1. So, Thr193, is that one open to solvent by 30 Å² or more (accessible area, probe 1.4 Å) and closer than 20 Å to Val35 by Cα or not?
2. Just one of the numbered conditions (1) in a loop (DSSP other than H, G, I, E, B); (2) more than 29 Å from Ile30 (Cα to Cα); (3) touching a helix residue (DSSP H, G or I) at 6+ places or on another chain (Cβ under 8 Å) is not true of Glu146; which one?
3. Can you name every residue in the stretch 98-113 that is in a helix (DSSP H, G or I) and either small (Gly, Ala, Ser) or open to solvent by 50 Å² or more (accessible area, probe 1.4 Å) (or both)?
4. Among the residues of the stretch 123-133, is there at least one that is of a type in the set (S, T, N, Q), open to solvent by 30 Å² or more (accessible area, probe 1.4 Å), assigned to a loop (DSSP other than H, G, I, E, B) and within 30 Å of Ser201 (Cβ to Cβ)?
5. Six or more apart or on different chains, Cβ atoms under 7 Å: show the pairs whose first residue is in the stretch 209-223 and over 12 Å from Glu236 (Cβ atoms) and in contact (Cβ under 8 Å) with a residue 24 or more places away in the chain and whose second is open to solvent by less than 70 Å² (accessible area, probe 1.4 Å) and aromatic (Phe, Trp, Tyr).
6. Residues that are touching a strand residue (DSSP E or B) at 6+ places or on another chain (Cβ under 7 Å): which helices (runs of 4 or more DSSP H) entirely in the stretch 153-193 hold 2 or more of them?
7. Name the strands (runs of 3 or more DSSP E) wholly within the stretch 8-97 that hold at least 3 residues that are at pLDDT below 95, in contact with a helix residue (DSSP H, G or I) (Cβ under 9 Å, 6 or more places away or on another chain) and closer than 16 Å to Met113 by Cα?
8. Could you check how many residues of the stretch 1-29 are β-branched (Val, Ile, Thr) and either under 22 Å from Val92 (Cβ atoms) or in contact with a Cys (Cβ under 8 Å, 6 or more places away or on another chain) (or both)?
Amino acid sequence: KGRLSQKDMDARMALIQGGLGYDGIDDADIVVEAVFEELDVKKKVFATLDRAARPDAILASNTSTLDIDQMAGATSRPGQVIGTHFFSPANVMRLLEIVRGKATSKETIATTMDLARRIRKVGVLVGNCDGFVGNRMLAPYLREAEFLVEEGATPQQVDKVIYDFGMPMGPFAMGDMAGLDVGWRIRKGKEATRNRRLRYSPIADRICERGRFGQKTGAGWYRYEKGSRAPQPDPEIE
């Protein structure tokens, strides 16, 4: 229900153009930044977008955790800066967190909420804090799953329990699909301020240090045969 025909899909895909710089965005109504999760990099991108985009354009970020206000502070238009966190895989997941900063205008919020409707997403307005809503709920879930692995369970055992409970996939298969390097960057960014009195499992970090970032590298918590997204238990992980 509501799926596009192949003809309509082809027509929309034909509207997409590639580029290697910031040329061509000067007539855009809204620009969505989606570089990796490092605040300094995002602030530099926003400063550049502020100069390249037209004055009335909305500048949005696909960040899943970082401070929208700091990105807005890198521009001359904080009222037109907003978070648009698309949950992965974005072509499947309908949820879109719309993150308002302290200076985000009502017009910017309304326009972005309307955009969500137009692209058939469920736009949910949330406040600006670490992890917003989705990842604040996800963090303790993932933390406890990693503790289970640390205590002797295998990733596939944990994932099976969650799948049998009724979730579409378990936490480790989900991590491999989203990309383990995303969370790794976030953890490294928080390392200096992490509360040392709280238990912390380093296993996910060790996996990333081996270059195992999930499906895109053919190995993460699981291994993946070339051309396949089916997770296979990996003796190296066990």
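The values are calculated or read from the model by the stated rules, or taken from the named source; none is laboratory data. No experiment lies behind these values; they were computed from the predicted model shown. In this analysis, Cβ positions are derived from the backbone assuming ideal geometry, glycine residues included, and neighbour counts consider all displayed protein chains. When the accessible area is computed, the model is the full protein with side chains, heavy atoms only, and any ligands, DNA or RNA have been set aside. Shrake-Rupley method; radii C 1.70, N 1.55, O 1.52, S 1.80 Å.
1. Details: open to solvent by 30 Å² or more (accessible area, probe 1.4 Å): yes; closer than 20 Å to Val35 by Cα: no.
Against the criterion (open to solvent by 30 Å² or more (accessible area, probe 1.4 Å) and closer than 20 Å to Val35 by Cα), Thr193 does not qualify.
2. Only one criterion in (1) in a loop (DSSP other than H, G, I, E, B); (2) more than 29 Å from Ile30 (Cα to Cα); (3) touching a helix residue (DSSP H, G or I) at 6+ places or on another chain (Cβ under 8 Å) is unmet by Glu146, namely (1).
3. Residues of the stretch 98-113 in a helix (DSSP H, G or I): 106-113.
Scanning the stretch 98-113 gives Lys106, Glu107, Ala110, Thr111, Met113.
4. Here is the first cut: in the stretch 123-133, the ones of a type in the set (S, T, N, Q) are 128.
In the following step, the residues that additionally are open to solvent by 30 Å² or more (accessible area, probe 1.4 Å) were identified as 128.
Remaining after also requiring assigned to a loop (DSSP other than H, G, I, E, B): 128.
Imposing the further condition that a residue be within 30 Å of Ser201 (Cβ to Cβ) reduces the set to 128.
Yes; the residues of the stretch 123-133 include at least one that is of a type in the set (S, T, N, Q), open to solvent by 30 Å² or more (accessible area, probe 1.4 Å), assigned to a loop (DSSP other than H, G, I, E, B) and within 30 Å of Ser201 (Cβ to Cβ).
5. Note: pairs meeting the criteria are Gln215/Tyr224.
6. Details: elements: 155-165, 171-178, 180-190.
So the answer is 171-178.
7. Working: elements: 30-33, 58-61, 81-86.
In the stretch 8-97, no matching strands (runs of 3 or more DSSP E) lie anywhere.
8. The first filter runs over the stretch 1-29 and keeps only residues β-branched (Val, Ile, Thr), leaving 16, 25.
Retained after the next criterion (residues that are either under 22 Å from Val92 (Cβ atoms) or in contact with a Cys (Cβ under 8 Å, 6 or more places away or on another chain) (or both)): 16.
Looking only at that region, the number is 1.
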